[in-house]
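Visitor: Here you go, one structure.
Please treat every number below as a calculation from the coordinates, not as lab data. Predicted, not measured: the structure shown is a model, and the values here were computed from it. A quick note on method: Cβ atoms are made from the backbone with ideal geometry, for glycine too, and the neighbour counts reach across all protein chains shown.
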Amino acid sequence: MRSAVKIVRIVLAAGAVLTLMALIGARAQAGDVSSQRDQEHVLRLYNTHTGERLEIVFRRGEQYIPDALAKLDYFLRDHNTGDVRHFDPRLYDILADLTASVGHPDGEIDIVCGYRTPSTNESLRTHTTGVAKNSLHIQAEAIDLRMPGVNTLTLRRAALALRRGGVGYYPHSDFIHVDTGRVRQWCFDCPANLITGD
């Protein structure tokens with residue numbers, strides 16, 4: 001009789017331990033999902049034309065933050081006219097992923113060009129080379145950038161590896177272009193080996 005009671009106690013204790021382990025495992029899994037859902041996506045930006053800086057959480061988990069998007073739209077305004085246009089928020093994901101892929105997830109990005117009005121774009125086309133007539137900057141779907149401390153060719157290669165849109169490389173001006181258009185690449189005034197992405 002004593003051995004039967006002992007066996008029942010052991011079985012009950014083992015059952016309690018297994019139940020406790022299952023609860024801990026479920027809570028840990030729920031915590032992982034919750035932490036992914038609540039993960040903050042941050043950008044640190046410097047506008048080379050206005051001298052403004054912005055550090056902002058633009059997305060939590062899968063949800064973009066409307067107020068943050070409005071601040072980013074203003075930050076990336078046409079610096080010649082002050083006109084603002086709503087940007088494709090997937091561009092911000094590309095920027096965040098780009099900083100992480102070059103090993104600087106908290107790195108600051110120098111913004112060379114964000115939104116351009118059609119008139120600003122036409123003026124640039126008239127006075128410089130390498131400006132597309134129907135640039136995605138006019139649609140607020142493109143950004144030209146560089147990162148202090150990161151070689152621009154390295155940045156270009158990382159952007160190409162993301163395969164999330166167009167990537168242009170302007171080595172003489174020391175910046176790259178990223179956009180949310182179709183996947184493609186170009187290199188302005190480059191040696192032949194860089195034109196193909198090598």
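Visitor: In bins 10 Å wide, starting from 0, what share of all Cα pairs of region 55-198 does each bin hold, as a percent?
Guide: Pairs per bin, as whole percents: 11, 43, 37, 9, 0.
Visitor: With each pseudo-label sitting 7 Å past Cα toward Cβ, what's the residue 154-residue 40 distance in nm, one decimal?
Guide: Here the modelled spin labels are 2.7 nm apart.
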